[in-house]
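Here the structure comes first, spelled out in structure tokens, and everything after it is commentary.
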Amino acid sequence: MLTTINNKKMETTIITLPIEVQALAVKVSSAKQSEVQTVLLQIFTGTEDWAHQVEEIVINGTDDKMSIGLAEAARKNVKQARLNAEKVFDAKRNEVQLMKSEFDLEDKLWLKAKQIMQIKFKAIEDAAEWKANFVKRHEAEQKELRTRTRINDVSEYAAINSAEFEHMSDDSFVSFLNGLKATHEARLKAEQKEKEDRIAKEKAEKEAIEKQAIENARLKAEAEQREKEIEAERKEHERELAIEKARLKAEAEQREKIEIELQKKKEAEEKVEAERIEAELQEKKEAEKKAKAPIKERLTVWIDGFNIAAINIENEKKELIVSKFEAFKEWAKKEVENL
């Protein structure tokens, strides 16, 4: 919230800013706060009167041209005031952005100067360090040379990590190398004997393979003959299975057909029974209702309640009986009319 004094009217004007604007306002200097305060006072002077004037405009219908005209004039005035205020704010922001661009350029200049300084000093520092470490480099080079020589000597007899021997004394390394040499020679002798044994074994295996090949040929001929016999047996078995499968399928289809017919018959009987029960209930209700009606009406309802139970038969006699029954009902109704 910014509070200002209007000197012309000698009264206090209170300008309430959104929370996020207030949070920014407290971070700038007092001079900038005062400048923003002055601009806002100049812009918002009289806006309360405009708001009250707009609130007091009442439009009494589409023919109230005067009130509508007042509202339009107020809109244009407020719009012009808003556009003028936007120009003030834009001008202030342009000033700030110009200063910001100058500060950014100066910051880049100082950064580049710092980087050039670092490169210059680091080059001199590295050159001095290189000369200061002459002894360390010489010792490291000699150590590396000795290690590489030992690696070459050891690699002739075994593949061993250099960490196991690079720090040994010369005497210890000679003993270590002699041990590797003895182990290497012993391994060569063992490998030679293993080679001779392998050759003898391979010769024996070759003879056994040739012998086995003859036996395998005989067994193969017997197996082929047996496979032919098995194939013939399989085909015969498949033929018998096909016949049995066809028989079972026919039986299953026949059973399914019978079950479907029985189910249909059962459903038809259940439907007839349900219709009969429903008819009896309806007849009972109608009878109770008609019991209170006059005798002529009750007799008519009674006759209308005559029904023949449904039966799933297509026959001429059935149709004749149904026709005679309907004719009887018509005759009975005429007799009731003559009461």
Inset, instruction - Go over the candidates 237, 184 one by one and state the one that is surrounded by 10 or more Cβ atoms within 10 Å (Cβ to Cβ), touching a residue at least 24 places away in the same chain (Cβ under 8 Å) and not charged (D, E, K, R). - result: 184
Legend entry - The lone exception for residue 134 - which of (1) open to solvent by 100 Å² or more (accessible area, probe 1.4 Å); (2) modelled with pLDDT under 85; (3) within 57 Å of the chain's Cα centre (by Cα) it fails: (3)
Inset, instruction - Take the stretch 299-310 and flag every residue that is assigned to a loop (DSSP other than H, G, I, E, B) and open to solvent by 60 Å² or more (accessible area, probe 1.4 Å). - result: 307, 308, 309, 310
Legend entry - Test: residue 271 is of a type outside the set (Ser, Thr, Tyr), without any contact (Cβ under 8 Å) to a residue 60 or more places away in the chain and open to solvent by 90 Å² or more (accessible area, probe 1.4 Å): yes
Inset, instruction - Among the residues of the stretch 285-295, count how many are assigned to a helix (DSSP H, G or I) and either open to solvent by less than 100 Å² (accessible area, probe 1.4 Å) or at pLDDT 85 or above (or both). - result: 3
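Take the residues in the stretch 312-339 that are touching a helix residue (DSSP H, G or I) at 6+ places or on another chain (Cβ under 7 Å) and among the hydrophobic types (A, V, I, L, M, F, W, C), then tell me which one is most open to solvent (accessible area, probe 1.4 Å). Break it down into steps so the answer makes sense when it comes.
Applying the first criterion (touching a helix residue (DSSP H, G or I) at 6+ places or on another chain (Cβ under 7 Å)) to the stretch 312-339 yields 312, 329, 332-333, 336, 339.
This time we only want the ones that are among the hydrophobic types (A, V, I, L, M, F, W, C), so: 332, 336, 339.
Values: 332: 12, 336: 10, 339: 133 Å².
Only one residue fits best here, namely 339.
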Inset, instruction - Among the candidates 282, 263, single out the residue that is under 59 Å from the mean Cα position of the chain (by Cα) and of a type in the set (S, T, N, Q). - result: 263
Inset, instruction - Give the residue that is farthest from residue 40 (Cα to Cα), with candidates limited to residues of the stretch 61-88 that are touching a residue at least 12 places away in the same chain (Cβ under 8 Å) and open to solvent by 90 Å² or more (accessible area, probe 1.4 Å). - result: 70
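Yes/no matrix, rows are residues, columns are (1) modelled with pLDDT of 85 or more; (2) on the phi > 0 side of the Ramachandran plot; (3) acidic (Asp, Glu); (4) in a helix (DSSP H, G or I):
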site: 262; (1), (2), (3), (4): yes, no, no, yes
site: 267; (1), (2), (3), (4): yes, no, yes, yes
site: 275; (1), (2), (3), (4): yes, no, yes, yes
site: 283; (1), (2), (3), (4): no, no, yes, yes
site: 297; (1), (2), (3), (4): no, no, yes, yes
site: 312; (1), (2), (3), (4): no, no, no, no
site: 317; (1), (2), (3), (4): no, no, no, yes
site: 320; (1), (2), (3), (4): yes, no, no, yes
site: 332; (1), (2), (3), (4): yes, no, no, yes
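The values are calculated or read from the model by the stated rules, or taken from the named source; none is laboratory data. These numbers come from a predicted model, not from an experiment. Cβ sites come from the backbone with ideal geometry, for glycine too, and all protein chains shown count toward neighbours. The protein model used for the area step is the full one, side chains on, heavy atoms only, and it has no ligands, DNA or RNA in it. Shrake-Rupley method; radii C 1.70, N 1.55, O 1.52, S 1.80 Å.
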